[in-house]
Amino acid sequence: MNWLEEYKSKLVDVHTAIENIKSGNRVVFEHACGEPKYLIDNLVENYKNLENVEIVHMVPMGSAKYCDEGMEKHFKHNGFFLGSNTKKAVHEGRADFTPSFFFEIPKLFRTKMPIDVVLVQVSKPDDFGYVSLGISVDYTKSACENAKIVIAQVNKYMPRTMGESFIHISDIDYIVEYDEPIYTLPRPNIGDVEMKIGKYCSTLIEDGDTLQLGIGAIPDAVLSFLDDKKDLGIHSEMFADGVIDLVKKGVITNKCKNLYKGKMVATFLMGTRELYDFVNDNPMVQMMPVDYVNNPCIIMQEDNLVSINSCVQVDLMGQVASESIGKNQISGVGGQVDFIRGASMAKNGRSIIAMPSTVKGKTSKIVACLDEGAAVTTSRNDVDYIVTEYGIAELKGKTLRQRSEALIRIAHPDFRDELIKAHNMKFNDELKI
């Protein structure tokens with residue numbers, strides 16, 4: 001049987017495919033903007049026939065109706081990363097959160113968390129019977145390799161990305177053809193605060209550096225100040241539209257990278273349709289599994305690796321909370337620690353935590369002590385630079401007293417007095433700023 005015949009033999013309607021999910025199964029969804037909306041919607045519609053189905057994924061982009069009140073008998077969400085549509089269920093005890101470094105999730109699927117079914121969204125097959133996982137390779141590739149049943153939505157809107165994004169028709173059990181626009185994210189609005197933070201961060205970036213960036217106003221603000229840099233590279237958990245601008249300007253060339261020289265490496269993508277069109281069949285972009293991209297032992301091999309992430313709070317010792325507000329889990333560790341540790345071990349590597357100094361001007365993000373119950377995402381031993389709109393605090397190699405002073409200097413002026421008071425009580429000091 002050639003691949004085309006095999007493809008046709010596996011082609012079913014969505015109801016037939018979803019009927020293969022049984023009560024008690026563990027079901028993994030493709031990640032973030034790669035989420036197969038059509039398959040998930042039909043799974044949820046079939047809820048009356050299911051009990052205790054565990055749904056596992058990271059960033060949710062859809063409506064997540066499986067987390068609605070009344071669904072807990074049928075579906076139990078288990079998130080590695082929470083979003084606006086799933087964290088409420090976790091807070092109310094109707095869903096769970098599993099802590100994990102991003103790069104270790106594929107290993108969990110091979111060992112401690114065996115998968116019954118994975119739902120993915122893929123590109124149309126090429127002439128050899130391969131489909132691409134497109135914008136979400138991350139843990140999704142491992143899920144496909146380890147699940148008992150693979151159900152794939154073939155969608156013409158999913159870009160065909162290069163790298164280790166491909167799976168063959170022979171490794172898919174059920175194929176559902178359904179074309180629908182995949183999830184997108186608009187370019188963020190960049191305000192004055194983000195621009196100031198971006199300008200400070202840009203001073204820590206040198207010609208030939210390789211960057212890891214997140215998504216949002218701060219990463220895009222950083223990129224807007226890099227027009228005068230030369231031969232930057234990308235080895236990042238993900239990247240968004242701002243990177244395209246620097247590629248077109250010849251700023252990002254990837255010429256100085258040690259690994260995949262001349263190529264941008266990422267494990268998932270979130271952005272506009274322009275971004276997805278840019279990566280489609282683009283050999284400059286290599287989409288790789290997360291246990292490669294985010295592995296600190298791989299990251300450390302990239303000289304001059306600069307990691308830029310954000311957080312919820314930083315205390316005066318340099319402890320970074322990025323995934324919870326007090327006792328409430330709001331997101332996950334993602335790849336922050338993966339890249340901070342990799343950058344720390346890389347030759348001339350640097351890691352930056354960049355954040356506004358306040359939460360909408362109401363509370364300080366630099367605090368004497370983290371909120372009670374807050375999870376420490378990045379330890380004080382790992383933290384390197386903290387950046388706000390008021391400057392840069394370099395913490396690595398500094399004493400607790402020096403760290404505290406440096407962080408107070410970049411805190412919002414409205415909150416410095418109370419931070420100075422906490423500093424002086426702790427260190428029996430008379431700090432004045």
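Take the Cα of Asn189, step 7 Å toward its Cβ, do the same at Thr111, and the gap between the two points is 4.6 nm. In the elastic network of the chain, a GNM with C-alpha springs shorter than 10 Å, the most mobile of Gly335, Gly62, Gly34 is Gly62.
How much length is gained on full extension from Met345 to Lys124, taking 0.36 nm per residue of separation minus their Cα-Cα distance?
Result for the pair: 75.5 nm of gain on full extension.
What is the antiparallel percent of DSSP beta bridges lying wholly in the chain, to the nearest 5? Around 25 percent antiparallel, to the nearest 5. About the centre of its Cα atoms, the chain shows a dipole size close to 1000 debye [charges on the beta carbon of Lys, Arg (+1) and Asp, Glu (-1) only; nearest 20 debye].
To the nearest 20 Debye, how big is the dipole of the stretch 30-176 about its Cα centre, given +1 on the beta carbon of each Lys and Arg and -1 on that of each Asp and Glu?
160
Taking 7 Å steps out from each Cα toward its Cβ at Lys156 and Lys327 produces label points 5.3 nm apart.
Separation of the stretch 213-257 from the stretch 260-298 is 13 Å, based on Cα centroids.
Can you pull the percent of the stretch 81-186's accessible area that's carbon plus sulfur, 1.4 Å probe, other chains left in place?
Roughly 50 percent of what the probe reaches on the stretch 81-186 is carbon or sulfur.
Think of it as helices only: each DSSP H run of n ≥ 4 in the chain is worth -39500 (n - 2.57), and spread over all residues that comes to -7000 deg cm²/dmol at 222 nm. Taking amide H atoms as placed 1.01 Å from N in the peptide plane, list the residues 5 or more away in sequence, or in a different chain, whose amide H sits under 5 Å from that of Val285. Amide H to amide H, under 5 Å and 5 or more residues apart or across chains, Val285 pairs with Met264.
Between Tyr157 and Glu180, the built amide H atoms are under 5 Å apart, and every one of these is 5 or more places off in sequence or on another chain. Quick check: from the Cα gyration tensor, does the stretch 163-230 come out rounded (a/c under 1.5), prolate or oblate? Oblate, since a/c reaches 1.5 and b/c is not below a/b. Reducing the stretch 299-345 and the stretch 5-29 to their Cα centroids gives an inter-centroid distance of 38 Å.
Farthest toward the positive end of the dipole of the chain, out of Ile21, Phe81, Ala147, is the Cα of Phe81, where the dipole comes from beta carbon charges about the Cα centre. Note on the chain: dipole from Cβ charges, positive end direction compared against Pro159, Met425, Val176; the farthest Cα belongs to Met425.
For the chain, the per residue solvent-accessible surface stands at 41 Å², with DNA, RNA and ligands left out and a 1.4 Å probe. Please tell me the relative contact order of the chain in percent, rounded to the nearest whole number, where contacts are Cα pairs under 8 Å and at least six residues apart. Relative CO of the chain lands at 13 percent.
Couplings for the stretch 378-389, taken from phi via the Karplus curve 6.51 cos²θ - 1.76 cosθ + 1.60 with θ = phi - 60°, read 10, 6, 5, 6, 8, 5, 10, 10, 10, 10, 10, 5 Hz in order; Gly and Pro are left as x.
Karplus-based coupling profile of the stretch 252-260, in residue order and whole Hz: 8, 10, 6, 6, 9, 6, 7, 10, 6, with θ = phi - 60° in 6.51 cos²θ - 1.76 cosθ + 1.60 and x standing for Gly or Pro. Set the Förster distance to 41 Å, then compute FRET efficiency between Glu164 and Asp371 from the Cβ-Cβ distance, nearest 0.05. In this case the efficiency is close to 0.55. Taking every alpha-carbon pair under 8 Å whose residues sit at least 6 apart, the stretch 106-175 reaches a relative contact order of 39 percent. Shape class of the stretch 6-110 from the Cα gyration tensor (axes a ≥ b ≥ c, square roots of the eigenvalues): oblate, since a/c reaches 1.5 or more and a/b does not exceed b/c.
Could you tell me what percent of the accessible area of the stretch 18-69 is made up of carbon and sulfur, with a 1.4 Å probe and every protein chain present? Result for the stretch 18-69: 37 percent of the exposed heavy-atom area is carbon or sulfur.
If only the Cβ of Lys and Arg carry +1 and only the Cβ of Asp and Glu carry -1, the dipole of the stretch 257-370 around its Cα centre is close to 340 debye.
Each Cα pair under 8 Å and six or more residues apart adds its sequence gap; the mean of these over the residue count of the stretch 180-289 is a relative contact order of 25 percent.
Dipole of the chain computed with +1 at Lys/Arg Cβ and -1 at Asp/Glu Cβ about the Cα centre; of Met317, Ala374, Thr111, farthest Cα towards the positive end is Met317.
The values are calculated or read from the model by the stated rules, or taken from the named source; none is laboratory data. Fair warning: this is a prediction, and the values are worked out from it, not measured in the lab. Methodologically, a virtual Cβ is constructed for each residue, glycine included, from the backbone with ideal geometry; neighbour enumeration extends over all protein chains shown. SASA here: full protein model, heavy atoms, side chains in, ligands and nucleic acids out. Shrake-Rupley method; radii C 1.70, N 1.55, O 1.52, S 1.80 Å.
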